[in-house]
Each structure stands twice: as structure tokens, then as C-alpha cells.
Amino acid sequence: MNNLGAALEYRKRGFSPFPVGPDKKPRLSWAEYQSRQIGEDEIRRLWGKWPEAMIGIPTGERYGTLVIDCDTPEGYEAVQELLPDSLITPVARTPRGWHLWFRYPVGSSITIGSGLMPGVDYRGTGGYVISPPSENGNGGAYRWAEGLALG
């Protein structure tokens, strides 16, 4: 599936995908997508303008998502040690590590931050993550881990 098709699928799931450049910076002001869902025609127009754009997905309470971003194997292992063995959550492989997707705790005030532990950041309200099937300018891919795709 190409990025346009994936962006449309994310929209169907209730997210508000927006185009991101290979430098991981949004191609446009994305603040409005933190509070409103993007329209299908908007997605088609934006990916028509930037067909190779990566897919940014806002995180936080509005979209019910909290993402733990592990950029090192050590960080990933440290997070795994805190999770029960029976937990199954969506996991995306990134060019540098892993994105673990969780339901945002309703009523909390989790925003964005780094250094949760070495090699581990988090994205809540006010943040976003790059989502599969995006590829950065260096050929690095974002892919869902086998059997752990969103939904």
C-alpha cells in the first residue's frame, strides 16, 4: 500500500494523518489536526502535492494514543521488562528502533517528553509519530512488527 492509501486507512480508523518530510518535520502547520480530523479530500490534495511524504499521526487524548518511542535495543528491553508478558500492543519498527502504541489514559495530562529512560521518549497530547509504511530520505522504513499491526 502506498502512503496515500495508508493515510486514507488511518483516517478511517479515526486518526488525522498529515504529510511529513524526510527530515521528520511536518510539511505544513499541523496544529489543527490535533483537535479535528482531517478530511479525505484534504488527504488526497496533500499527498497529491507531496506523494512521497511520510505519514504523521497526532498522538494524545483526542486520538486515544500514547506512543513509547524506543530508539535503542537497551531502551526497548528496559520497557519490555516493565510490561506483562501477556500484553499485546501494536508495535512499529522504525529506522532506529520501535514505537509501542498504547491507549491514552483518559483524563491524564501526558504530553511529550524525552529521556523517560535511556533511549526512550514518549508522545502524548501535542505530539506525533511517523507511521508505516513511511520511508525516510535515507531508505529507512517504518513497518508494523509481524502480527502487531494497529487494529
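The values are calculated or read from the model by the stated rules, or taken from the named source; none is laboratory data. Note that the structure is a prediction, hence the values are computed from the model and not measured. Here the Cβ is made from the backbone with ideal geometry for all residues, glycine too, and neighbour counts use every protein chain on show. Only protein heavy atoms, including side chains, enter the accessible area calculation; ligands, DNA and RNA are left aside. Shrake-Rupley method; radii C 1.70, N 1.55, O 1.52, S 1.80 Å.
Listing for the model above:
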quantity: Subset of the stretch 15-44 (residues that are exposed (fewer than 11 other Cβ atoms within 10 Å of the Cβ) and basic (Lys, Arg)); calculated: Lys25, Arg36
quantity: Criterion: modelled with pLDDT under 95 and farther than 17 Å from Pro133 by Cβ - qualifying residue of Ser16, Ser35; calculated: Ser35
quantity: Exclusive hit being more than 26 Å from Glu32 (Cβ to Cβ) and hydroxyl-bearing (Ser, Thr, Tyr), set Thr111, Thr65, Thr72, Thr125; calculated: Thr72
quantity: Single match in Leu87, Leu116, Leu150 (criterion: farther than 21 Å from Pro26 by Cα, open to solvent by less than 50 Å² (accessible area, probe 1.4 Å) and modelled with pLDDT under 95); calculated: Leu150
quantity: Inter-residue pairs, beta-carbon under 7 Å, first within 18 Å of Trp50 (Cβ to Cβ) and without any contact (Cβ under 8 Å) to a residue 40 or more places away in the chain and in the stretch 26-38, second assigned to a loop (DSSP other than H, G, I, E, B) and open to solvent by less than 60 Å² (accessible area, probe 1.4 Å), 6+ apart; calculated: Arg27/Gly21; Arg27/Trp50; Arg27/Ala53; Tyr33/Ser16; Ile38/Ser16; Ile38/Pro17
quantity: Any hit, the stretch 67-82, residues being open to solvent by less than 50 Å² (accessible area, probe 1.4 Å) and charged (D, E, K, R); calculated: yes
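The rows are residues; the columns are (1) free of Cβ contacts under 8 Å to residues at least 60 places away in the same chain; (2) of a type in the set (A, V, I, L, M, F, W, C).
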{"site": "Leu66", "(1), (2)": "yes, yes"}
{"site": "Gly97", "(1), (2)": "yes, no"}
{"site": "Pro133", "(1), (2)": "no, no"}
{"site": "Tyr142", "(1), (2)": "no, no"}
